[in-house]
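Q: First, the structure itself, so that you have it in front of you.
The values are calculated or read from the model by the stated rules, or taken from the named source; none is laboratory data. Small disclaimer: the values here were computed from a predicted structure and weren't measured. FYI the Cβ positions are ideal-geometry reconstructions off the backbone, even for glycines, and counts take in every protein chain you see. For accessibility, only protein heavy atoms count, side chains too; no ligands or nucleic acids. Shrake-Rupley method; radii C 1.70, N 1.55, O 1.52, S 1.80 Å.
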Amino acid sequence: EKGGYEHFMLKEMYEQPKAITDTFSPRIKEGKIVIDELNMSDEEIKAIKKIMIVACGSAYHTGVTSKYILEGLARIPVEVDLASEFRYRDPLLEEGTLVIIVSQSGETADSLAALREAKARGAKVLGIVNVVGSSIAREADNVMYTWAGPEIAVATTKAYTAQLIAEYLLAMKFAYVRGKLNDAELAALIDDMRKLPAQVEMLLNNKQKIQKFANRYLAAKDIFFIGRGIDYAISLEGSLKLKEISYIHSEAYAAGELKHGTISLIEEGTLVAAVLTQEELYKKMISNMVEVKTRGAFVLAVTNTENTEVEKAADYVIYIPKTNKYFTNSLAIIPLQLFGYYVSIGRGCDVDKPRNLAKSVTVE
Ligand code: M6R
């Protein structure tokens with residue numbers, strides 16, 4: 001059932017190009033984004049005043065990414081919240097708030113409770129869910145499925161990837177309907193989306209290089225992930241992926257926060273993975289990389305091919321191909337997933353079933 005792969009996680013990483021295609025292709029028709037399941041008229045989309053994205057774990061990380069995209073493209077204010085926080089904090093859901101619950105399993109206890117809380121307060125709830133017919137899918141007002149197929153490995157990869165695509169589609173749809181994207185801009189985004197599966201495939205095929213690199217860090221004590229903007233969201237996911245399956249302590253920081261405390265943790269040889277895919281933030285990131293490097297860190301950079309300056313501040317660089325600035329998470333996460341995977345198997349951990357974790361967290 002692992003289809004010739006050694007682990008479910010590796011198999012599922014390799015299913016990402018298909019998960020991307022299956023999630024977007026039924027929703028692009030004649031150059032427009034058509035999300036029938038949304039059940040919202042253009043008038044209703046125009047009336048959205050605020051979006052709250054509520055989820056746990058990696059699904060929450062897709063929400064952090066989407067905040068940048070929905071705000072950047074559609075100019076709608078977005079709040080992202082952890083379901084376990086949202087449900088107990090007496091959230092303000094004024095008229096015009098759309099609540100989006102993101103969940104692979106559709107059974108996560110806190111996410112389901114958050115959904116019920118939002119509905120009880122009169123908000124419209126959209127579920128972005130992978131498991132068809134799951135509790136969240138059934139109870140949400142509307143459900144947009146991520147067509148990633150069954151995911152077995154505890155560490156999510158393809159469902160995360162498909163969630164991102166669903167959220168990009170929503171942002172594009174909302175931006176277009178609200179007049180923030182013209183036809184040419186929408187066409188360019190769709191074009192870039194269609195290229196993602198082949199680009200992901202290409203990055204996956206780079207796995208030997210990452211395995212070699214990962215093998216140098218099997219005994220690491222701490223690993224840090226840093227980024228700004230969308231790259232901060234990618235760092236959150238890269239860090240979680242590594243720690244949950246390798247049991248190495250890792251943390252993600254918004255790069256600008258380093259000097260407010262974290263930088264004191266950097267020692268000779270500490271690995272810092274810097275994600276820099278946002279051109280307007282390259283310079284700021286490079287200065288953060290120099291700051292950690294001068295304190296002894298070994299800096300791994302994940303960046304775009306055209307970023308020629310990066311080598312000045314990085315010890316090792318992984319390049320991702322060109323895509324729209326809002327889609328970079330879909331590419332930059334691939335080497336970070338592979339890194340977590342290879343560190344985990346290199347350390348002899350049970351990569352598909354890490355200790356203390358369950359695939360779906362149905363208790364609080
Ligand atoms: O099924 P869900 O998407 O609601 O699950 C949310 C989290 O439990 C999940 O993403 C978890 O963080 C994964 N182990 C991450 O790889």
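Q: Here are Lys195, Lys259: which of them is closer than 28 Å to Ala148 by Cβ, in a helix (DSSP H, G or I), charged (D, E, K, R) and in contact (Cβ under 8 Å) with a residue 12 or more places away in the chain?
A: Lys195
Q: While we're on this one: May I ask you to list the residues in the stretch 99-124 that are part of a strand (DSSP E or B) and either near the ligand (Cβ under 9 Å from one of its atoms) or closer than 20 Å to Thr362 by Cα (or both)?
A: Result: Ile100, Ile101, Val102, Ser103.
Q: Being over 30 Å from Ala198 (Cβ atoms) and buried (at least 16 other Cβ atoms within 10 Å of the Cβ) narrows it down to one residue among Thr328, Thr270; which is it?
A: Details: Thr328 fails: over 30 Å from Ala198 (Cβ atoms).
One residue alone meets the criteria, Thr270.
Q: Got a sec? Which of Tyr60, Tyr5 is at pLDDT 95 or above, of a type in the set (Ser, Thr, Tyr), more than 16 Å from the chain's Cα centre (by Cα) and open to solvent by 30 Å² or more (accessible area, probe 1.4 Å)?
A: Tyr5
Q: Under the condition of being open to solvent by less than 10 Å² (accessible area, probe 1.4 Å) and within 15 Å of the ligand (Cβ to nearest atom), which residue from the stretch 72-98 is nearest to Lys359 (Cα to Cα)?
A: Residue satisfying both the conditions and the ranking: Ala83.
Q: What's the number of the only condition in (1) within 16 Å of the ligand (Cβ to nearest atom); (2) open to solvent by 70 Å² or more (accessible area, probe 1.4 Å) that Glu311 fails to meet?
A: Here Glu311 clears every test but (1).
Q: A follow-up question, please. Quick one: which residue in Asn182, Asn142, Asn130 is over 20 Å from Glu44 (Cβ atoms), away from the ligand (no atom under 16 Å from the Cβ) and modelled with pLDDT of 95 or more? Working first, answer last.
A: Values: Asn142 fails: over 20 Å from Glu44 (Cβ atoms); Asn130 fails: away from the ligand (no atom under 16 Å from the Cβ).
Selected residue: Asn182, the only one of Asn182, Asn142, Asn130 that is over 20 Å from Glu44 (Cβ atoms), away from the ligand (no atom under 16 Å from the Cβ) and modelled with pLDDT of 95 or more.
Q: Do you know which residues across the stretch 53-98 are in a strand (DSSP E or B) and free of Cβ contacts under 8 Å to residues at least 40 places away in the same chain? Break it down stepwise before answering.
A: Narrowing the stretch 53-98 to residues in a strand (DSSP E or B): 53-55, 78-82, 97-98.
Residues satisfying the conditions are Val78, Glu79, Val80, Asp81, Leu82.
Q: Does the stretch 212-219 contain any residue that is assigned to a helix (DSSP H, G or I), closer than 24 Å to Ile69 by Cα and not aliphatic (A, V, I, L, M)?
A: no
Q: Of (1) within 23 Å of the chain's Cα centre (by Cα); (2) over 24 Å from Pro17 (Cα atoms); (3) in a helix (DSSP H, G or I); (4) hydroxyl-bearing (Ser, Thr, Tyr), Thr362 satisfies all except one. Which?
A: (3)
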